[in-house]
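One structure is given below, encoded as structure tokens.
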Amino acid sequence: MNSFNNACIRGINRFINSYNIDMKLNIKGYPSDIFANFLNEVEFKIDKPIYVIIDEYDHFANELLSFKTDLFSSIVSKTGFIRKWYEVLKIGTESIVSRIFATGVSPITLDSLTSGFNISTDLTRYEKFNAMMGFTEDEVRSLIKRTVQNEEKIDKIIKEMKVNYNGYLFSEDGKETLFNSDMVLYYLKSLEETKNAPKELIDKNIASDYAKLGNMFKLKNRNENYKILEDILKGEDFGDAILDTPNNVIRELYFDFYAKRLEEESDFELNTKEVKDAIKDIAKNGSNLKLVEIVEKTLNKLSNRDYITFNEKYVKLIFLTYCYLSKIYLVKSEY
């Protein structure tokens, strides 16, 4: 709470100083009290409305989800200090606050606030904003041309990037899938410095913190959340829109997470080299016996509780997970 409080005080004082407003901020009480006092007083000090910009509104939540999920739940609850702060902001829109613009990655925070802040409109999936969140193919092509002039080589790079970095669509009505801008720039940096593609196609900076990812799935109904993860990995239909992982790199990240989850639940330490050797045996000798044996070991370690809702799709997921640990094949489910 002190951290949140200090961030609010810094933001408000910067506003006061930037616009030379003749007022002293009262910093007593909770963050919501400080914010409310400011809004009440500033209304009589200026003759213009206020535009509130919140960058990374979910940053603190993502940090808490890594290690203190109970604390997260309490601070966004009805009596929580985050909820109270947003309630003050909502009241402010009835007087001096004209507009609010908030950015973030995870919708969990605003979703948890429910009626405390029910005045927002989610613009994420608006068709006209679809191309804001990544690079189009034309943009990627123009970036590659700064390093590579050979058209044939450019086409080859685009083809590789499409499989690994493309596939994002933020609106069901979007006309063109997008490339992940971070991963494209990571690839191009390697191309510029070494004249070659990066050996590892995943930028380590975007690899999720697995503890954080795991804790997100523990919120509310853990089993239901894992079921959704499994369904998305299979690209099942959830109604009007079909959700799917966008590309090979993200799919690999999720299966890496799934492998760690398997290790935890089966209490079976996975030998990654053993799995890779088993995949090599498929490539070299056309034999999948070693891989089947590893999957059997995993299945034998699962408890009776794990088998209550168990069916063939879980066996398939285990195979897929282990296949993704090797970079030899591009793995397709239900091709």
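The values are calculated or read from the model by the stated rules, or taken from the named source; none is laboratory data. The model shown is predicted, which means the values in this text are computed figures rather than measured ones. Note: ideal-geometry Cβ built from the backbone for every residue, glycine included; neighbour counts use all protein chains shown.
Do we have PHE15 as farther than 26 Å from SER106 by Cβ and in a helix (DSSP H, G or I) here?
Numbers: farther than 26 Å from SER106 by Cβ: yes; in a helix (DSSP H, G or I): yes.
The answer is yes for PHE15.
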GLU94 being in a loop (DSSP other than H, G, I, E, B), exposed (fewer than 12 other Cβ atoms within 10 Å of the Cβ), modelled with pLDDT of 90 or more and out of contact with any Pro (no Cβ under 8 Å at 6 or more places or on another chain)
yes
Restricting to segment 6-44, name every residue that is farther than 21 Å from SER98 by Cβ and in contact (Cβ under 8 Å) with a residue 40 or more places away in the chain.
TYR30, PRO31
The number of residues in segment 126-141 that are surrounded by 12 or more Cβ atoms within 10 Å (Cβ to Cβ) and in a helix (DSSP H, G or I) is 9
Just to verify a result, which residue in segment 18-51, among those that are out of contact with any helix residue (DSSP H, G or I) (no Cβ under 7 Å at 6 or more places or on another chain) and in a helix (DSSP H, G or I), is surrounded by the fewest Cβ atoms within 10 Å (Cβ to Cβ)?
SER18
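This table checks each residue for (1) under 21 Å from LEU169 (Cβ atoms); (2) at pLDDT below 70.
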{"residue": "ILE250", "(1), (2)": "yes, no"}
{"residue": "ARG261", "(1), (2)": "no, no"}
{"residue": "PHE268", "(1), (2)": "no, yes"}
{"residue": "LYS280", "(1), (2)": "no, no"}
{"residue": "ASN288", "(1), (2)": "no, no"}
{"residue": "GLU293", "(1), (2)": "no, no"}
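Consider PHE60 carefully, then state whether it is closer than 14 Å to LEU89 by Cβ, hydrophobic (A, V, I, L, M, F, W, C) and surrounded by 15 or more Cβ atoms within 10 Å (Cβ to Cβ).
The answer is no for PHE60.
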Only one of (1) at pLDDT below 85; (2) more than 19 Å from THR245 (Cα to Cα) does not apply to LYS204, and that is (2)
